[in-house]
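Working notes for the structure below.
The values are calculated or read from the model by the stated rules, or taken from the named source; none is laboratory data. Worth saying up front: this structure is predicted, and the values here are computed from it rather than measured. Note that we place each Cβ from the backbone using ideal geometry, even for glycine, and neighbour counts take in every protein chain shown. To get the accessible areas, we keep the full protein, side chains included, count just its heavy atoms, and leave off ligands, DNA and RNA. Shrake-Rupley method; radii C 1.70, N 1.55, O 1.52, S 1.80 Å.
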Amino acid sequence: MRVLHDHLRRRLLRHPWAVALLASVLLFVGLMHRKFGLWGSAFLARDTLDWWETPLFLIAIAVYDLTLLMTAQWGWTALSRLLKRSDLFERVSFIVVSTLFVLIGNIVAYNLLAYLGDWVRLRATVAIAGGVKGAAPYVLETLPTLLPVMLLAAIATAIGTWIAWRWLRGAPTSSRVSLLKQSRAVLLLWTLTLLIHYRVTRSPADAALARSVRRTVAYQLMGPAMATATNFDRDACGWLDFPPDFAPFDARRHPFAREIPNNGIDENGLAGDLQTLIRDPVYPAPTETTATPDIVVLVECSFRTDALFSRDGSPSAMPTLSRLARDHFHHENAYSHSGYTTSSLKEICTGSVWQGRSSIVRDFRTLGYQVGVFSSDSGHFGDLRQACGWDAAHRYFDAEHDPDARVTKYSAPSSMFLPATRVLREAKNFLIDLQTDQPYFVFIFIATTHFPYDLDSPDALIAHDHVNAQALDPKTRDDLRGMYDNATANLDQRIADLLETLDDHAKAQERDRPVLMILGDHGESLFDDGTLGHGTILNDVQTRVPLVIVDGWGEVPTPFGHTDVRPYLLQLVSTPKPASARVALRPADRPVFQYCGPWMMPLQIAHITSRGRFIVDLTDRAWTDPSGSQGTLKNNPPAEALKVVHRWESLRLTN
């Protein structure tokens, strides 16, 4: 036993990176599996590892970690010898410092992810907030929550140093490893890492193994350095980047470059030169009204289309909304452009894909309406207040007005929402305080059916078993669906409460009932496509939304996109109400455009027409038509693929 004990201490002193490496791999795997579901499932996680991918994943992250640790040890050794420190001090101090860095780095990264959103990833938060500067307030809010981690780290450092020194100071002396020998080992590791990195950056966008490696802390540290080092033409991308620069010595051409129309150059390498700029129609607000109906728009988060009606012969979980859909107007082909809340709300309010300049809030205030905006979420998340023009409302209320009433754990803008009852109470008070001689426009956003589907479901209306976050798995889909159905049943009661409020107000003021539009901001996959959540892929379950219009009139296009909401509402005040009010369908004058991922660098883009969805994958440079046929953009792509790409290129230039 003594021989084994001495051998272990000798090996540890000879390889002081071993403790940190083991801690890094185990901690990262444990925490990231909890967050992303590497071998199971998690919210917004779109890939899981197969059994044969697991050892490759562990080897890859171990190589990344070992390369960083060996490089750090080389520098630590050089510094210690320059300062003439003992070998024992050099190695013990490196063991303690490197292990502490690994533990703090992984724990802080996980806590940031958890705090910035019960469901939102850090990189997604940065993208949605408009970059690092926009996300800075959210990150700064996390600092108080990390103080306990820092305190524990300081205590662990003191205890770890004392234990390591006591245990290792009497270890048998090992031969000193020369810096030259360490340099050769570091060089070999960097060569191996570069080979792995090259393969990871060239893997398909949806490859689970490569995506999982790209999430690691070591990759996030080394990736930008490698991209910068191989950015030979000093443009936005490097040769060792994801996606890689396909023209590494031509600064005009790189992935996601802005196209310059009709200059003979294909800047982004997708579909040839953009010959003609494609402009979406602009709908100016009318200067006067022909009709002045009261209007209420209710947007529900994560709202599936199959929630409205009964399934498999069972009663509908939403009898109130189902009745409205049957008795009035229900659109069966309405879609979100992006499958994500903040971008969907902006598109609904502005009438433009991504960042429009108009606002239905400002439109109706200018037309003499009393305007109220009421949101379960924080208006600062994704800059919704400014981008949607919500500040122009006569009365504005969001989660930051009553943070103590939130149903979520954290109070960061990206992680906080209020119960629907609290939001609808504010809307009711707004109606009570209204002047009787002015029409009103009310915009409401609530999140009752958002993950984890039980935060705003006070009543058990549908029998179901609770599924906690650690048990998320396709095998628990039926229980998860039960939780979601119970959330929709609670939502239906809130809709019934809203109808009662609107009817009572109309009777008291001797007014017509308002035009009521109820729709979803996006859909929600409950493992229908193998994923849980939304915004991860362009398909019907994640982007198709319910749309019900009560007491409306006029025409709406089919297919219908969120950007069609504003033109329709402006149509209501520009045309007199017919004696027999009803909503009719007309063919859309353009396809519904969709994108998945950050607007400037989406994973997928698509057109939806009466024939279905035509998808272009921008990372893999491939297309899929409505029939399921596939091909690549470089091998004679069909005309529709080029239209989708050119539409996206034009929207980037005009929005």
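Just a few scattered comments:
- For His450, His15, His380, the ranking by accessible surface with the largest value first comes to His380, His15, His450, using a 1.4 Å probe.
- For region 319-421, average projected area of the Cα convex hull in nm²: 8.2 nm²
- Ranked packing of 592-598, 285-291, most packed first, by mean Cβ within 10 Å: 592-598, 285-291
- Where labels lie 7 Å past Cα in the beta-carbon direction, separation of Asp497 and Thr609 in nm: 4.6 nm
- When +1 charges are put on Lys and Arg Cβ atoms and -1 charges on Asp and Glu Cβ atoms, the dipole computed for region 454-605 relative to its Cα centre reaches about 760 debye.
- Debye-sum result for region 208-265 in log10 I(q)/I(0), which assumes one identical scatterer on each alpha carbon, at q = 0.26, 0.27, 0.29 Å⁻¹: -0.99, -1.03, -1.10
- For Asn231, distant residues with modelled amide H under 5 Å away: Trp239
- Note on Lys643: lysines with a C-alpha under 16 Å away, same-chain residues under 8 apart excluded, are Lys634.
- Were the residues from Ala236 through Gln509 laid out at 0.36 nm apart, the gain over their Cα-Cα distance would be 92.3 nm.
- Annotation: lysines with alpha-carbon distance below 30 angstrom to Lys428 (same-chain offsets under eight excluded): Lys346, Lys409, Lys507, Lys577.
- In order along region 263-278, the Karplus-derived 3J(HN,Hα) couplings, from 6.51 cos²θ - 1.76 cosθ + 1.60 at θ = phi - 60°, round to 10, x, 10, 8, 4, 9, x, 9, 9, x, 5, 6, 6, 10, 6, 9 Hz, and Gly and Pro are given as x.
- Orientation-averaged projection of region 371-506 equals 9.2 nm² [convex hull of Cα atoms, one quarter of hull surface area].
- All lysines inside 30 Å of Lys181 as judged from Cα atoms, apart from same-chain residues fewer than 8 positions distant: Lys84
- Accessible area per residue for region 213-327 is 47 Å², calculated with a 1.4 Å probe on protein heavy atoms, without ligands, DNA or RNA.
- Counting only Cβ charges, +1 for Lys and Arg and -1 for Asp and Glu, the dipole size of region 283-339 around its Cα centre is about 180 debye.
- With the convex hull constructed from alpha-carbon coordinates only, region 539-655 shows a mean projected area of 8.6 nm² over all directions.
- Pairwise Cα distances in region 260-386 exceed 18 Å in 70 percent of cases.
- Extension reserve of the Asp478-Arg81 stretch, reckoned as 0.36 nm per residue once the Cα distance is removed: 136.7 nm
- Solvent exposure ordering (accessible area, 1.4 Å, most first) of Leu195, Leu651: Leu195, Leu651
- Using the Stokes-Einstein relation with a Kirkwood hydrodynamic radius computed over Cα pairs, the translational diffusion coefficient of region 480-617 at 37 °C and a viscosity of 0.692 mPa s comes to 187 µm²/s.
- Where Trp74, Trp190, Trp17, Trp553 fall by accessible area, highest first, once all protein chains stay in place (1.4 Å): Trp74, Trp190, Trp17, Trp553
- When you filter the trypsin sites (Lys or Arg not before Pro) in region 577-655 for DSSP loop state and at most 12 other Cβ atoms inside 10 Å of their Cβ, you are left with Arg582, Arg611, Lys634.
- Cβ-Cβ FRET estimate between Thr366 and Arg14, R0 fixed at 56 Å, reported to 0.05: 0.15
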